[in-house]
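The values are calculated or read from the model by the stated rules, or taken from the named source; none is laboratory data. Since this is a predicted model, take the numbers as computed values, not measurements. For neighbour counting, all protein chains shown are included, and Cβ atoms are generated from backbone atoms with ideal geometry for every residue, glycine included. To get the accessible areas, we keep the full protein, side chains included, count just its heavy atoms, and leave off ligands, DNA and RNA. Shrake-Rupley method; radii C 1.70, N 1.55, O 1.52, S 1.80 Å.
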Amino acid sequence: MTARTLAEKIWDAHVVASDDGADLLFVDLHLVHEVTSPQAFDGLRQAGRRVRRPELTLATMDHNVPTTSATPADPISIGQMDAMTRNARDFGVRLYPVGAPEQGIVHVIAPQLGMTLPGMTIVCGDSHTSTHGAFGSIAFGIGTSEVEHVLATQTLWQRRPGTMCVTVDGALPAGVSAKDLILGTIARLGTSGGVGAIVEYRGSAVRALSMDGRMTVCNMSIELGARAGLVAPDDVTFAFVEGRPHAPRGAAWTAALDAWRRLPTDDGAAFDREVHIDARELRPYVTWGTNPGQSVTIDGRVPDPDALPAEQREAAVRALRYMDLRAGTPIRDVAVDAVFVGSCTNARLEDLRTAGEVVRGRRVRSGIRALVVPGSMAVKAQAEREGLDRVFRDAGFDWRDAGCSMCLGMNPDVLRPGERCASTSNRNFEGRQGPGGRTHLVSPAVAAATAIAGHFALPEDL
Amino acid sequence: MEPVRRVVGRALPLDRENVDTDQIIPSHWLKRTERTGYGAGLFEAWRRDPAFVLNDPRYRGARVLVAGANFGSGSSREHAAWALLEGGFRAVIAPKLADIFRGNALRNGLVPVTLAMPAVTALMRAAERDPALEVVVDVEAGAVHAAAIGLHEHFVLEARARDALVNGWDEIEITQKHAADIAAFEATRSAWLPTTTRRAT
Ligand code: SF4
């Protein structure tokens, strides 16, 4: 048998039918949230269709939920959440609404519950579905028409993507996180470097990451333009999964392990494209522009557009204007107005612990609005058991309930026009965190240190 | 979906790369539960600039959007395709289109066209010079024509996608013809795969 990659093995195992270059893939898990599903459920209603496999469908509310009772949702958002409740009830789908202990960002809760396992196909009407690839699953975002298609048929027509691997070998230098690994990768390959491909992250630096870190890396595959990202399952994966509420037990666990151990890419399997990165060259990154590829290391300066390759110049000029930055300014001299620790990229326990260690016993620089938004209510509860809520509150951070929050401007947590934010989220697009807001993507450690220093900083600068 | 065989009209030159879906339709528009009503949100932030090309009356009624590489990157929101359609566009031409956006466009009858950089640049410059430039996107033939500048280019459109566009097919109906295949596949699924109903306490 020919050697195959991890992605090819999972793909092949899910093909229901093929037609003219497209495969009909079976979907093992369909995650649903309030924003991209109402039109899909309405479509089912109009056509008199039902949800084919409600027990393979899991819904929550995350995008437009308020994260504090001080700022209630607006009426349109409430209407959308009500629609989610109604649709879940009418179609028999399990929903974890606001107030449920399981509620949280959809990409944080499914792994926690043990609904995300190796070797699966997972889709959601959300581009950061790539997060689940950290378990060695093919996971990708889909549009609302596809949501409707999956609800009705539990399948999806897809063209087989290309294969690509990013191998990061060596040990990450101290203070360089999974977030920096992926930001550094995007800086090298560009925001369309992965278009059309499923990217497998390999190498000793990736193997050394925890599951939380691997999820951070796979999460931002979409910022590389990739269809999905994945990491081969190993003992780190199995240890994370074992014992979770929906994970297999007993004989089923043994059978699953057996199947999962056969998943990793075969020796000699070829990728369409291979990229090598030396982990020792990576540093903490800070984005300066309005796409995630526009970044420099914390030791760097805001670039001079004239010094960039010709095809990047115009976009850089526009980005610097939007970001109100001057070429040549050292990144550490850039002061911020807000700090956001949250999102499906960096709001898991490890992220909160890292940020908490930095701020412990310190105070947020006066005038800075700083908030920590756990990725799920379960993360919040565990963090509170560890006393992290006190650490953050004592430092002057807001400690919120779970949700997407300031990752995107569709709930009450938004930047005001012109505000500059150090954010652990994944997108620095114009207006992403609120109209006119200016986003700099960073790791949790840099976000925390920046909150204390008032300008971009590393923990060791404090 | 309405069948789309040919798109004929003026071209709007949007000479920017990495136009993300947050620019096409900002997230606060996504709170709605309908499929329509997004036209006013199309490029909402950029439209506040009077010099933005979409505000140029000479391009009013443009049906073809010509853009830089990686158009439609970012979020999976299908609202981006809905907003472009309500804005009158029926085709998008770029050197590279983001994957999810491309799929969303296809499923809504917005023709996604990827052309090589020189061809896109030629169209961009021509549309900037002459807002009345007529562009034809022939879906059945998989070709783009701008006769005034002698541009005739082929683009890749899988046969399935082309047939769906040209015939306005409902994809779910097509898939349901595979009901037996789906049922057969389901019978082979491993017992360890998770369900929302089976949960350890
Ligand atoms: S946290 Fe941000 S990126 Fe993640 S699902 Fe929510 S809005 Fe999307």
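Here are some notes:
- Couplings for region A:403-416, taken from phi via the Karplus curve 6.51 cos²θ - 1.76 cosθ + 1.60 with θ = phi - 60°, read x, 6, 6, 7, 5, 8, x, 10, 9, x, 8, 10, 6, 7 Hz in order; Gly and Pro are left as x.
- At the listed q of 0.16, 0.19 Å⁻¹, the Debye profile of region A:265-394, built from one uniform point per Cα, gives log10 I(q)/I(0) equal to -1.00, -1.12.
- For the protein assembly as shown, the Stokes-Einstein estimate of translational diffusion at 25 °C and a viscosity of 0.890 mPa s comes to 98 µm²/s, using the Kirkwood hydrodynamic radius over alpha-carbon pairs.
- Derived scalar couplings ³J(HN,Hα) [region A:351-362; Karplus, 6.51 cos²θ - 1.76 cosθ + 1.60; whole Hz; x for Gly, Pro]: 5, 5, 5, 4, 5, x, 4, 5, 8, 3, x, 10
- Dipole magnitude of region A:375-457 about its Cα centre (Cβ charges: Lys, Arg +1; Asp, Glu -1), debye to nearest 20: 180
- Gyration tensor over alpha-carbon atoms, region A:127-221, equivalent ellipsoid semi-axes in Å: 28, 14, 11
- Solvent-accessible surface (1.4 Å probe) assigned to B:V136 amounts to roughly 20 Å².
- Cα gyration tensor category, rounded, prolate or oblate, for region A:249-340 with a/c compared to 1.5: prolate
- Whole-percent pair-distance distribution, where bins are 10 Å wide, for the alpha carbons of region A:348-453: 16, 49, 31, 3
- The shape of region A:236-281 can be summarised by an equivalent ellipsoid whose semi-axes, obtained from the alpha carbon gyration tensor, come to 31, 16, 7 Å from longest to shortest.
- Peptide-level mean, for B:14-26, of C-beta atoms on other protein chains within 10 Å: 5
- 28 Å Cα-Cα reach of B:K177 towards lysines, excluding residues that sit fewer than 8 places from it in its own chain: A:K9
- The protein assembly as shown - share of DSSP beta bridges that are antiparallel (%, nearest 5): 35
- Treating r as the C-beta distance of A:R326 and B:T36 and R0 as 56 Å, the FRET efficiency rounds to 0.80.
- In this structure the amide hydrogen of A:Q103, modeled in the peptide plane, comes within under 5 Å of the amide hydrogens of A:M377, none closer than 5 places in sequence on its chain.
- Region A:68-168 shape via C-alpha gyration tensor axes, a/c threshold 1.5: prolate
- For region B:41-148, the share of DSSP beta bridges that are antiparallel, to the nearest 5, is 25%.
- Given a 1.4 Å probe and the protein chains as shown, B:S75 ends up with an accessible area of around 20 Å².
- Label-point separation in nm, B:H152 to B:R125, each point 7 Å along Cα→Cβ: 2.1
- Qualifying trypsin sites (Lys or Arg not before Pro) in region A:335-433, where qualification requires a DSSP coil assignment and no more than 16 other C-beta atoms within 10 Å, comprise A:R360, A:R363.
- Helix-only [θ]222 nm of chain B, DSSP H runs n ≥ 4, -39500 (n - 2.57) each, per residue, nearest 500: -8000 deg cm²/dmol
- Stokes-Einstein D (µm²/s) once Rh is taken as the Kirkwood radius of region B:108-172 over alpha-carbon pairs, at 4 °C in 1.567 mPa s: 101
- Computed about the Cα centre, the dipole magnitude for chain B is approximately 360 debye when only Lys and Arg (+1) and Asp and Glu (-1) carry charge, each at its Cβ.
- What you get for the protein assembly as shown, charging only the Cβ of Lys and Arg (+1) and of Asp and Glu (-1), is a dipole of about 860 debye around the Cα centre.
- Backbone N under 15 Å from the B:R58 label point (7 Å along Cα→Cβ), restricted to region B:1-37: B:10-15
- Dipole axis of the protein assembly as shown (+1 Lys, Arg; -1 Asp, Glu on Cβ), positive-most option in B:V66, A:V341, A:H132: A:V341
- Cleavage-rule hits (GluC sites (Glu not before Pro)) in region A:205-297: DSSP loop, at most 15 neighbouring Cβ within 10 angstrom: A:E242
- The simple spin-label model puts a point 7 Å past each Cα toward its Cβ; for A:S204 and B:A200 those points are separated by 3.4 nm.
- In loop segments of region B:108-152 as defined by DSSP, the GluC sites (Glu not before Pro) with at most 14 further C-beta atoms inside 10 Å of their C-beta are B:E140.
- Region A:41-127: C-alpha gyration tensor shape, a/c 1.5 cut-off, then a/b vs b/c: oblate
- Antiparallel %, DSSP beta bridges [both residues in region A:321-462], to 5: 5
- Cα lying deepest toward the dipole's positive end in chain A, options A:G175, A:G193, A:L257, charges on Cβ: A:G175
- Restricting the calculation to alpha carbons of chain B gives Rg and Dmax of 19.5, 70 angstrom.
- Here the simple spin-label model places points 7 Å from the Cα toward Cβ, and for A:R273 and B:A180 these points are separated by 4.1 nm.
- Measuring nothing but how far apart in sequence close Cα pairs (under 8 Å, 6+ apart) lie, relative to its length, region B:43-201 scores a relative contact order of 15 percent.
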